[in-house]
Every structure is written in structure tokens, then in C-alpha cells.
Amino acid sequence: MGVMARAEVTPSPDRAVRGSPPPGSFVVLTSRAGLQCSIDPVFDGTMNAAAHLRRLENWAAGLWALSAVVSVVAALAGWGVVLGIALLVLVVSDLLLHSGEDPQFPRWLELHEMGAVDRALFREGVALLGWALATRPSPWTVVAAVTAVGIVHGVHVVYRAATAPFARMDRARLVWRGLEVDGRTESPAPLGPPVPSPPPLPVGSQGVLQLDVLVLVGLLVSWASTSPVPVVVMLVGVVVCAAVVAWRVLARIRLVRSLPLPEEDNARLFGALVDHAPEVAVYFSGGRGTTYQLNVWIETIDRLTRPAVIFVRERHHLDELLPTSTPVVVLPRARDVEAFCVPSIRVVLYPTTVIKNNHMIRLPGPRHVFINHGDGDKSVTYSPLHRVFDEIWVAGQAGCDRYLNRGEGIRPDQLHRVGRPQLAHIERLTERPRTSGTVLYAPTWEGNFSGVDYSSVATMGERIVDVLTDPALGLTVLFKAHPATGTRLGAAAAARAAIEARLSAPGTPHRVVGTAPDALYSAFNEADVLVADISSVVADFLASRKPYLVTNPRDTEQAAFHADFPSTAAGALIRPDVEGLAQAIREALGEDRFREHREELATYFLGHPVGDPIAHFVAEVERAVERTPPRLSAAGESAR
């Protein structure tokens, strides 16, 4: 099981891929499908230009640079008040640089000699320069000021050196939830930095550097009063603070030495996992903001009849994960994945295709099953990269045809139709349509680059809302954008913001759908008609049997559009100029000429209706476990 398949990595001969990915992204152009898979520039920490310019830390960097120039001029010109204001702005902008969304940006500054230490030395140097030029201090006063600066940076160096082992030990100690280990059902919270700082001040070594605020204040007060006394007071204050930091670090060293080693804690966790004896593992990895791709499976996972465990590769998923009765273990390193793939595991379920999947797929023994987190017509749903899985589970026959008709090298025996358990709570159409009602506009995001951009938000979103909110139609409009909308294109971000502001204005009957995990499906039940882009939203909405309309942002010819995206065949298409949208809405609420076709398409995409889709999926997992001999898992353990 889990033998790696060789994938052809060639450009698409029958679907031109438009545009190019952002610099620094990883791109695979696959045969026939034209699929481009990239590391998400937002969720995996790297930045594209549009998102870069919108983030707090980037504005802070510009503010810092401007203040730096002003501070140098003020120091040379002897403008004390201006220098004081510029130094204050430097300190505040420095704090903002460490409170933004992107953890990579401070690292980028470090690599370009603009790290926290460099910035601290700069503001201290400017303050010393202005003070020295203005007050002509005595040599001993200069020595006192320079000594204070040296103490700040000396304490910073000692702090980093002393606490670096704590950070390594914290990273090595695995985190878990829902598994009983020595009477605990959750791993202890991290100790945190030895010297805590109240928000918004930075913590750890960055917080220690902020001791130089005492230096800046002392020099400015000395300048204003033309007295050396403030410098002496500042030096004493710095020494006292340094002593407090040293005391806190020594106390932390004693505490850490009293704790079990990470290896001992991990061994106990491993023993508890062996006792739990999971037969099913759900494996997930992704950047910040991607946990929703796992959350859509939590209800189903919790109903599995076989013992199960959820392996996540990044600790931040614990903050966004829905409550679950299934044990969760964070395995940050590849060797952790290998060590904790216990012999009892017979099936591993993968909701996404990410590079870190390789760390689990390469292990012999378990049956590796791709379950995806959506099932629609986007090209990402039929990647040749999926060949590496033993089985690919799709909702209905449409999923099978999507792979087999694209020539991606997927074998028929890999494909299994299992339905869509996430749709268990979607209510089916039970009454005749009306002449007015509720319309849900649920567009997708703009993708990592233009070749996979199916979004209507930037190009036609506001025009769509103009039509839907026309009082003549008498509609209530719900708006639910994909969580990533606007992360690549500024135009999409601006259009989304404008739409949300308009539909959430006081007194309007319309509404922006919330971000709760079940918010979209709840909106399905509330809506009478859906307006959507090419995405799994269209296929999922088929479960309701309600009418829908699909956007056609590139104005593709209808026959070709339906051929490429079969889920659209039972709904009207919306052209970029949105001409005919109002009439299409009236027809959907009234005549509804696509109703019989939707019934057929729903079965084609989602499989034959079953009483409980979750129970149906659970039974499929049961069968997968049964067809995986236990000896294979044992063989995997012996290989380790």
C-alpha cells in the first residue's frame, strides 16, 4: 500500500493555462488537465504583492523607514522635539512589525540586515548622536550612556542564548488533545517566555530589546534639562531591569530542569496512542486559515466506528479546530510522523493534497485514501498527483468520470463512490418555487494564479449584487464569499469589501453569511436560489435540488462551458455583463425548467440518495479497514 506513483509533469496540451503564478510559488503543470498546483501564497506564509501591501506590518515598515529619515535629520539639526516624536514613532512601528499576520516578514528583515537588533541599534545610535551634538556631555556621561546601551544588548544576547534550549525542548515536546496520558486528556500548555510582556508589547527576546526605551527617554530628558542626572537614573534603571531579567531566566532554568525531558513525555504519549489502538488516522497539513478543510470532516470523523486519531502537522490548527471527541496529535517533524504511525493503523484519510503528505504516504502498511475537502468541477479536483494514493474517494459517478476522462493516469480500481457526508443536514426542496424569495450569492476565490481563477467577485460581483438587490425583484440576498477571497487580487478584496459593506448596512434586509463551519450549509437551507462560481458549492447545492445559476466570467461558449464543468448543466449561465440575470432569477423561482435535470445531475454528482450520508461514509471506512490486512501495518512497524 502507498507505493509512490510517477507523475508526468508537462504542460497541458488541450487546455491553455492563462497567466503565471506569483514569484516563489511551487508550480506543477499536469498532463491534459492543465492543473497548476502551487503552495498557497497566503496560507503557507509567503506573500503576493496585493496581500503584501494590505498588511499591517508593511505599513509599519514604511512608517519606520520614514521616521528613520526624520530622526537622522532631527538629530543633526538639533531639533529635540522632532527627534523625540520620531523616536516614539520608531518604537511604535517596531512593535507593529511584530504584531502583523505574516511571520515571514520579520525573518525577511533579519536576512536583509534590518532585524530587531539592527533597528534597536539604529534608534539608540540616533538618540546618542542627537544628545551628544546638543549637550556636549562629559566623557563619563558618555560612558554611562554607552554602558546602558551595552547592557541592553548584552542582556538580549544572554537571554537568547539561555532560552534557546527551552524553545528547542518546547518544539520537541509533542502536543495532543483527547488522549489520556498519565491522567491528562490534553498536553500541558507551553511555558511561554521567562519574561512575559503585556499586549501589545512583544514577548521573549524582542521584549528584552524594548528595555532601550529607558535609554531613549533618559537621553531625551538629559537633552531637555541639560543635566547628566537623567543619564545616571537611566543607567540605574537599565541595571535593575537587567537584574530582573536574569532572575527570571535563572528561575526558568530551574523549572525546566525539574520537568521530564521531551523524549520521556513523547514516549508516554506514544504508549497511550498504542493503547488507544487507532485503526483509522486522518492526516492533515496546511498553513494558517486552512483548518476549515479539516473541520468539514469533523462530524463524520467523530462517528467512525473504528478507533481513530487525527494527525495534524502544525500546532496552529488546534486553535481553529472544531470540538471533537477524536484524539488529536500534532506531529511537526517527519520523524514524528514515522514514529507515531502505530501498527494498529490500517487506513489513513487525507482531506488535502499537500507536500507534507509524502511523509505519511511513503510509510508501508496503511491503506492511503484521498477523501478531499470538496467535490466540484475545479481542475484541482482531478490532479495526477492523486495517483500516489491507494484509493480516491469521490461523491458520485461524476467524480470517477472527472478522473477517467481526463487521462490523468488514475486507475478505475482506485476510485470509490462514497457520497458526501457533509451534506447530511441539507434540506431538500419540498415546496413549489415562489415569485420572490432568498438568493444566496456564494462565489469562490481567485485562486493562486489566473489559470485557476474561477471567481466572479472582482469582475462582476458588484453588478450581480446590483441586480439581486433591485427592489423590483423583491429578493433577500445572502452573501458568502470563499474565506480566501481577495488574498491574491486587490480588486477582489475591494469588491468583496464593497459587497459586504452594502449588504450588512443597517436597515437592509440582506445579510452577509457568517464564518461558522456550518454557515454555508445553513445558508443553503435558507436560500431558494443559488448564484455561484465554478466550485464544489454548485455540486453540494445539488443535494437541495433547488435551482441555481452559475457565473461565466470569461463568457465561454455555453456548450464548451458545460463540457468542461458538468455541474453547471442544470442551471442558467450568467454572462460578465449580467444581462438576463433578473429574468433567470424569475424563471428559477417560477417555471424552474431545469428541475428534472437537476434531479439527474444530483444523482450523477452525489450518488443515489441514502437515509444517512454520514453512516454511509462510515460504512465505507469500515470496508476499507476490512480489506486492509493487519499484517501490512505490522510489516510497516517492523520496517521502522
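The values are calculated or read from the model by the stated rules, or taken from the named source; none is laboratory data. Values in this document were obtained by computation on a predicted structure and should not be read as measured data. Every residue, glycine as well, gets a Cβ built from its backbone with ideal geometry; the counts of neighbours run over all protein chains shown. Just so you know, the surface numbers come from the protein's heavy atoms only, side chains and all, with ligands and any DNA or RNA stripped out. Shrake-Rupley method; radii C 1.70, N 1.55, O 1.52, S 1.80 Å.
Residues in segment 489-500 that are in contact (Cβ under 8 Å) with a residue 60 or more places away in the chain and open to solvent by 40 Å² or more (accessible area, probe 1.4 Å): how many? So the count comes out to 1. None of A148, A172 is surrounded by 16 or more Cβ atoms within 10 Å (Cβ to Cβ), of a type outside the set (S, T, Y) and at pLDDT 85 or above except A148.
To keep it simple, each residue is scored yes or no on (1) open to solvent by less than 50 Å² (accessible area, probe 1.4 Å); (2) closer than 15 Å to W176 by Cα; (3) at pLDDT 95 or above.
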{"residue": "R306", "(1), (2), (3)": "yes, no, yes"}
{"residue": "V312", "(1), (2), (3)": "yes, yes, yes"}
{"residue": "P323", "(1), (2), (3)": "no, yes, no"}
{"residue": "T326", "(1), (2), (3)": "yes, yes, yes"}
{"residue": "V347", "(1), (2), (3)": "yes, no, yes"}
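In the set (1) at pLDDT 90 or above; (2) of a type in the set (S, T, N, Q); (3) open to solvent by 10 Å² or more (accessible area, probe 1.4 Å); (4) within 23 Å of T291 (Cβ to Cβ), Q397 fails one condition alone, (4).
Residues in segment 358-383 that are within 30 Å of T568 (Cβ to Cβ) and in a helix (DSSP H, G or I): S379, V380, T381, Y382. Each residue in segment 97-131 was checked for being at pLDDT 90 or above, open to solvent by 10 Å² or more (accessible area, probe 1.4 Å) and among the aromatic types (F, W, Y), and 1 pass. Do the conditions hold for T444, that is, is it open to solvent by 20 Å² or more (accessible area, probe 1.4 Å), of a type in the set (S, T, N, Q) and at pLDDT 90 or above? No. For segment 501-536, taking the residues that are crowded, with 17+ Cβ neighbours inside 10 Å and among the acidic types (D, E), the one that is nearest to R586 (Cα to Cα) is identified as D528. For segment 376-394, a residue qualifies if it is open to solvent by 10 Å² or more (accessible area, probe 1.4 Å) and modelled with pLDDT under 80, and the qualifying residues are K378, V380, T381. Taking each residue of segment 462-477 that is small (G, A, S) and looking for partners that are surrounded by fewer than 21 Cβ atoms within 10 Å (Cβ to Cβ) and in a loop (DSSP other than H, G, I, E, B) with beta-carbon atoms closer than 7 Å, six or more apart or interchain, yields G474/S436.
Regarding segment 473-488, can at least one residue be identified that is farther than 23 Å from A505 by Cβ, at pLDDT below 90, among the aliphatic types (A, V, I, L, M) and outside the structural domain of H562 (by the TED database)? No, every residue in segment 473-488 fails to be farther than 23 Å from A505 by Cβ, at pLDDT below 90, among the aliphatic types (A, V, I, L, M) and outside the structural domain of H562 (by the TED database).
Please count how many residues of segment 219-254 are charged (D, E, K, R) and either outside the structural domain of W131 (by the TED database) or touching a Phe, Trp or Tyr at 6+ places or on another chain (Cβ under 8 Å) (or both). Count: 1.
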